[in-house]
Structures are given as C-alpha cells and as structure tokens.
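**Student:** One structure, as structure tokens, below. Some questions next.
Quick note: the coordinates plus some simple rules give every number you see, no bench work behind them. Remember, predicted model here, so these are calculated numbers, not experimental data. FYI the Cβ positions are ideal-geometry reconstructions off the backbone, even for glycines, and counts take in every protein chain you see.
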Amino acid sequence: MPHELDQILISSSQPDFEKRLGDLRRKKAPRGRFPGYDSPESISVLEILRDVGERGDNAIRDYTKKYDDADLEPDEFRVSSRDLEKAHKQIDEELLKSIRQAIENVKRYQKEIFIGKERACTGGTAIKYNPIKRIGICVPGAAAPLPSTVIMTAVPAIVAGVKPKNIIVVSPPRYKSNPQDKGTIHPVTLAVCHELGIKEVYRIGGAQAVAALASEKSSIPKVDKIVGPGNLWVQTAKKMVSQDYVAIDSIAGPSEVLIIANDKANPAWVAADMLSQAEHASDSTAIVLTDSETFAKQTLEELKKQLRELSRAEQAKQSLLALGAIVVLNGMTEVIDLANDLAVEHLQIQCGNESREIAEKIENAGAIFIGDYTPVAVGDYWAGPSHTLPTEMRAKFSSALTSNDFIKSISIIEYDKEKLTACADDIVRLAETEGLDAHAKSVKIRQTK
C-alpha cells in the first residue's frame with residue numbers, strides 16, 4: 001500500500017524527473033521571512049515601528065499585551081539583576097558545566113578566526129579595527145528556551161571586544177507555560193546571560209522589540225547592530241530598520257538541511273538527520289541528494305519508521321511533504337552541482353572516505369558537516385562556529401555570524417612632505433579632471449615654499 005511519504009522520492013529514473021526537480025528548485029528559491037513591502041504583514045510591522053518610534057514604552061507595552069498576552073508596565077520590561085542571579089544559582093550543575101564548555105568552545109574558535117587587529121599596510125596606509133559599541137540580540141523563546149542562541153551570538157561579539165554591559169538581549173515572555181511562569185523568560189536563558197556578564201535583558205519580543213532596539217524613544221537602549229533569529233515579524237522589522245537606523249546580521253529564514261550521501265552512508269542516520277530539521281516547523285527543509293537509488297529507498301523506509309516514533313510526528317511529516325525530498329541523480333558531479341545551487345544553511349556530507357574530497361567542491365553553504373559522526377546538533381550547540389547561518393540560498397553571498405561581524409574598520413592614511421610631493425602632480429591632475437579645483441588646490445598649497 002503506498003505511503004504518503006513516497007512522493008518525496010525524486011529519481012532520475014522517473015519520467016517526470018525534470019519537472020519534479022524544477023519544482024524543488026522553485027520551492028527552495030528565496031521564500032524569505034520578509035514579505036513584500038505592500039503585504040499586510042509589512043504594513044503591520046511598519047505601523048508597529050512607527051508607533052514605537054512615536055510612543056516608545058507605551059507602544060511596547062500595548063503590543064506585548066496584544067501579541068504575547070503579558071501585561072507589563074515599562075519598569076517591568078527589564079529582568080532584574082536578582083532574577084538573573086537567581087536563575088544562575090538554580091540551574092542544574094551538569095547543565096551549567098555543559099554550557100560553560102560550549103562557551104569555551106565558541107570562544108576558542110572565534111578567537112582563532114578573528115581578524116580585528118590594527119596593522120600597517122604599504123604606501124603610507126594602515127587599517128584599524130574597533131568593536132561595534134552596542135549590540136542587540138533577539139532570542140526566541142516564547143514557547144521553548146533557546147539558550148544556545150545567546151551563546152552563538154553573544155560570545156562572538158564579546159570576543160570581538162564588545163563589552164557585555166553593552167549587549168542588550170530581548171526575548172519574548174513565555175505564554176505556553178505554567179501560569180506562574182507566564183510573562184517571564186525561561187531561567188536557562190537568563191542563566192546563560194548571567195554567565196556571560198550580560199546585565200540588560202528585556203522580556204519583549206516581536207517587531208516591537210526590534211523597534212525598541214532601533215529607536216531612541218523607549219527606555220531600552222538603542223543599539224548599533226541587531227543580530228539573532230526570529231519569526232516573520234522579527235525578520236521583517238530587522239529588514240526595515242536596517243535601511244537607516246542600525247546594522248543587522250541577516251534575514252533568517254526557516255531551518256534547512258541538505259545531506260549528500262552515497263551507498264556508504266547509514267540510511268537510519270540520514271533519516272534521523274532529516275527529521276531533526278523537519279521537526280522544527282512545517283516550513284523547514286530536509287533534502288537528501290544521492291547517486292544511489294537503493295540507498296534512497298532505504299532512507300525513505302527509515303523515514304517512515306522513525307516518523308512514527310516522534311512526539312512531533314505530524315509537524316515533521318507536513319514539513320517533509322512540503323519541502324522534503326530524497327533526490328537520486330546521475331553521479332556525484334550532478335549531486336554537487338545541485339547542492340551548490342540550493343546553497344542551504346546546513347550541508348552534511350556522509351560519503352565514507354570521499355566525504356572530505358566532496359566537501360572541497362562545495363562553494364555555497366552556511367556550514368558543512370563532514371562525515372557520519374557530525375550531525376547538525378554538533379554545530380548547533382558545541383563545536384565553536386556560530387549556528388546563526390544564512391538560509392534560503394543566501395549562502396551564495398553571505399556567511400555564518402562570526403566575531404568579525406562585530407567590528408568595523410577605519411582606513412588610515414599617513415603621508416609626509418616628501419611622499420605628498422612625489423605624487424602631487426598626479427593627484428592634482430585627477431582632481432582637475434573631475435572639475436574639483438578646491439581638491440587640487442589643497443594639494444598645490446602644500447607645495448609652495
């Protein structure tokens with residue numbers, strides 16, 4: 001009897017293969033969590049941004065009550081130092097040990113890749129780097145805690161030289177929780193903030209939180225850059241404020257994984273990796289590309305089996321039906337070409353001894369996970385690179401969040417009299433060609449005795 005998941009198998013042996021592959025490409029074209037500027041969502045977000053810009057805390061209070069069902073006065077937005085300390089003291093010791101090691105792993109990696117040191121260049125020039133002064137971090141968590149987001153965004157900033165006192169965390173108050181927890185941020189998230197020395201944590205979320213971080217109207221300090229994931233409303237607001245008011249990391253779309261596998265891979269493990277992304281949300285992507293029809297069918301059977309065992313089985317199934325695929329192509333060259341075209345957030349390679357060789361040929365991916373023993377969870381929580389990654393084909397032109405995203409460079413130019421004299425005629429000639437006489441004169445006047 002046919003199973004509904006059978007439809008996600010796309011094989012070059014099927015007569016409608018090209019059409020189905022084309023459909024997959026179209027589905028993966030940037031859907032974006034940023035709707036059109038004239039969409040109802042964008043209009044709503046723009047109204048929120050304007051309202052917060054005009055009414056400040058009062059607008060934030062109203063939207064927090066409306067969207068998060070939390071009735072907070074402005075002086076209740078900020079989590080108290082006492083509550084941060086309390087959360088840290090009450091955290092499970094083994095969990096705290098794991099958090100501390102994860103922080104150290106991220107610090108080590110971010111220090112190793114950091115480029116932000118002043119250095120002299122040739123020709124009387126140099127470059128100087130300074131950390132961005134104030135950072136805002138959006139941490140989802142109204143339904144479930146995401147302390148890893150704090151680690152993966154705040155630690156790179158701290159390595160870059162951003163002072164913890166200048167890191168502002170916003171996170172929506174909980175609503176799907178016990179009545180006594182309603183309107184609070186999960187204590188694990190607060191404990192991580194305290195561990196990192198972050199003092200300013202606000203229980204607000206959505207577009208109103210982004211508006212607060214980008215505006216000088218509210219009691220929440222305006223920041224210079226906003227990073228972190230969020231839903232459509234958060235991403236739309238980030239996009240809008242980035243035009244004029246602050247910098248942002250990227251527009252984060254739904255979670256994605258693409259797995260390159262051959263007949264050396266374990267079908268059960270590959271199926272588990274697909275489901276680990278599919279369970280995120282119904283708009284998450286889980287794709288396998290392979291050159292083995294036998295392996296593809298084995299993986300499909302494992303998917304059916306493991307899906308029955310999931311607590312979020314229905315959500316994962318809908319995700320697979322909407323954006324999941326197991327694609328059989330004619331050889332690994334076609335696999336690699338399609339993987340580079342899809343340019344996904346997480347790209348796993350499980351091809352035995354060929355895995356590293358294939359990884360060398362990948363040009364577009366947020367992060368590459370090489371080998372059978374490197375599931376995405378290793379990167380999400382532990383290894384060191386940030387899990388804040390480009391999605392929806394943006395890996396073709398953008399990169400993972402790193403410590404280098406929290407610095408800005410200043411060009412330095414220093415000429416003495418002899419050096420200016422040597423090139424004065426050329427500079428004057430170029431300035432006069434552009435009709436900028438004052439530019440030319442600023443050089444000529446220094447040549448007179």
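**Student:** For the range 236-308, which trypsin sites (Lys or Arg not before Pro) pass both filters: DSSP loop (anything but H, G, I, E, B) and at most 10 other C-beta atoms within 10 Å?
**Tutor:** On the way: sites: 238, 239, 264, 297, 304, 305, 308; in loops: 264, 308.
Sparse-neighbourhood loop trypsin sites (Lys or Arg not before Pro): 308.
**Student:** Which of the three applies to the range 40-248, rounded, prolate or oblate, going by the alpha-carbon gyration tensor with a ≥ b ≥ c and a/c under 1.5 meaning rounded? Numbers along the way, then the final one.
**Tutor:** Working: a/c = 2.19, a/b = 1.21, b/c = 1.82.
Oblate shape, in that a/c is at least 1.5 and b/c is the bigger or equal ratio.
**Student:** Continuing with the same structure: Classify the range 370-438 from the C-alpha gyration tensor, please: rounded if a/c falls under 1.5, else prolate or oblate depending on whether a/b exceeds b/c. Don't skip to the end; give the middle numbers.
**Tutor:** Details: a/c = 4.80, a/b = 3.12, b/c = 1.54.
It comes out prolate by the Cα gyration axes.
**Student:** Distance cut-off 32 Å, Cα to Cα: go down the list 117/217; 128/239; 66/111 and report the pairs above it. Before the final figure, lay out each step's value.
**Tutor:** Details: 117/217 35 Å; 128/239 28 Å; 66/111 42 Å.
Result: 117/217; 66/111 exceed 32 Å.
**Student:** Below 8 Å, C-alpha to C-alpha, sequence gap of six or more: please give me the relative contact order for the chain in percent.
**Tutor:** So the answer I get is 20 percent.
**Student:** Which peptide among 150-158, 53-61 comes first, and what is the full order, when sorted by highest mean count of other Cβ atoms within 10 Å? Could you put the intermediate results ahead of the total?
**Tutor:** Values: 150-158: 26.2, 53-61: 18.6.
My ranking of the peptides, most packed first, is 150-158, 53-61.
**Student:** Only counting other Cβ atoms within 10 Å, I'd like 319, 98 sorted with the fewest neighbours first.
**Tutor:** Working: 319 25, 98 13.
By the 10 Å Cβ count, ascending, the order reads 98, 319.
**Student:** What does the charge dipole of the range 330-396 about its Cα centre add up to, to the nearest 20 debye, if the Cβ of each Lys and Arg holds +1 and the Cβ of each Asp and Glu holds -1? Let's see the in-between values first.
**Tutor:** Values: 4 positive and 11 negative charges, 39 e Å.
The dipole magnitude comes to about 180 debye.
**Student:** In addition: Could you work out how much longer the chain between residue 305 and residue 46 gets when fully extended? Use 0.36 nm per residue separation minus the Cα distance between them, nm to one decimal.
**Tutor:** Details: separation 259, 0.36 × 259 = 93.24 nm, distance 4.55 nm.
The residue 305-residue 46 span can extend by a further 88.7 nm.
**Student:** Run the helix sum for the chain: -39,500 (n - 2.57) per DSSP H stretch of 4+ residues, divided by residue count, reported at 222 nm to the nearest 500 deg cm²/dmol. Intermediate results must be reported in sequence, preceding the final value.
**Tutor:** Values: 17 runs with 198 residues, N = 449.
Value at 222 nm, helices only: -13500 deg cm²/dmol.
**Student:** Hey, if you put +1 on the Cβ of every Lys and Arg and -1 on every Asp and Glu Cβ in the chain, which of 275, 295, 17 ends up farthest toward the positive end of that dipole?
**Tutor:** Of the listed residues, the answer is 275.
**Student:** Give me the number: length gained by fully extending residue 244 to residue 101, i.e. 0.36 nm times residue separation minus the C-alpha to C-alpha distance, one decimal in nm. Don't skip to the end; give the middle numbers.
**Tutor:** Numbers: separation 143, 0.36 × 143 = 51.48 nm, distance 3.81 nm.
Full extension from residue 244 to residue 101 adds 47.7 nm.
**Student:** Moving on to the next point. Tell me which label goes with the value of volume of the Cα convex hull per residue in Å³ computed from the coordinates here: (1) 210; (2) 125; (3) 152.
**Tutor:** Correct label is (1).
**Student:** Could you compute the FRET efficiency for residue 38 and residue 122, with r as their C-beta to C-beta distance and R0 at 60 Å, rounded to 0.05? Write out the running numbers ahead of the final one.
**Tutor:** On the way: r = 50 Å, r/R0 = 0.84.
Plugging the Cβ-Cβ distance into 1/(1 + (r/R0)^6) gives 0.75.
**Student:** So, R0 is 30 Å and r is the distance between the beta-carbons of residue 409 and residue 447; what FRET efficiency does that work out to, to 0.05? Mind dumping the intermediate values first?
**Tutor:** Details: r = 31 Å, r/R0 = 1.04.
Using R0 = 30 Å, I get an efficiency of 0.45.
**Student:** Grab the beta carbon distance between residue 266 and residue 54, set R0 = 45 Å, and tell me the FRET efficiency rounded to 0.05.
**Tutor:** Details: r = 57 Å, r/R0 = 1.28.
It comes out at approximately 0.20.
**Student:** How much length would be gained if the chain were fully extended between residue 422 and residue 436, taking 0.36 nm per residue of separation minus their Cα-Cα distance, in nm to one decimal?
**Tutor:** Values: separation 14, 0.36 × 14 = 5.04 nm, distance 2.05 nm.
Working it through step by step, the gained length comes to 3.0 nm.
**Student:** Counting Lys and Arg as +1 and Asp and Glu as -1, each charge on the Cβ, what is the dipole of the range 40-248 about the Cα centre in debye, to the nearest 20? Don't skip to the end; give the middle numbers.
**Tutor:** Values: 31 positive and 26 negative charges, 157 e Å.
It comes to approximately 760 debye.
**Student:** What's the ranking of 7-14, 38-45 by average number of surrounding C-beta atoms within 10 Å, highest first? Write out the running numbers ahead of the final one.
**Tutor:** Numbers: 7-14: 16.0, 38-45: 14.5.
Going by the mean number of other Cβ atoms within 10 Å, highest first, we get 7-14, 38-45.
**Student:** Another question about this same structure. Nearest 5 percent is fine: what portion of the DSSP beta bridges confined to the range 40-248 is antiparallel? All intermediate terms of the calculation are to be shown ahead of the outcome.
**Tutor:** Numbers: 3 of 15 bridges.
In the range 40-248, DSSP labels about 20 percent of beta bridges as antiparallel.
**Student:** Among all lysine pairs in the range 273-430 that are eight or more places apart or on different chains, how many have alpha carbons less than 18 angstrom apart? Provide the component values of the computation, followed by the final result.
**Tutor:** Details: 297/305; 297/317; 304/317; 305/317; 361/396.
The result is 5.
**Student:** Of 186, 439, 3, how do they rank once you tally other Cβ atoms within 10 Å and put the fewest first?
**Tutor:** Working: 186 21, 439 15, 3 11.
Ranking 186, 439, 3 by Cβ neighbours within 10 Å, fewest first, gives 3, 439, 186.
**Student:** Additional query: Treat every Asp and Glu Cβ in the chain as -1 and every Lys and Arg Cβ as +1, leave all other atoms uncharged, and give the resulting dipole magnitude about the Cα centre to the nearest 20 debye. Display every interim value, and only then the final one.
**Tutor:** On the way: 58 positive and 64 negative charges, 309 e Å.
With Lys and Arg at +1 and Asp and Glu at -1, about 1480 debye.
**Student:** Could you grab the relative contact order for the range 40-248? Cα pairs under 8 Å, six or more apart, rounded to a whole percent. Each step should come with its number before you reach the end.
**Tutor:** Details: 366 pairs, mean separation 60.6, N = 209.
Relative contact order for the range 40-248 comes out at 29 percent.
**Student:** Calculate the length of the line joining the C-alpha centroid of the range 249-317 to that of the range 387-429, in whole Å.
**Tutor:** Here the two parts' Cα centres lie 41 Å apart.
**Student:** How far apart, in nanometres, would the label points at residue 18 and residue 112 be if each is projected 7 angstrom from Cα along the Cα-to-Cβ direction?
**Tutor:** Taking the two extended label points, one gets 4.6 nm.
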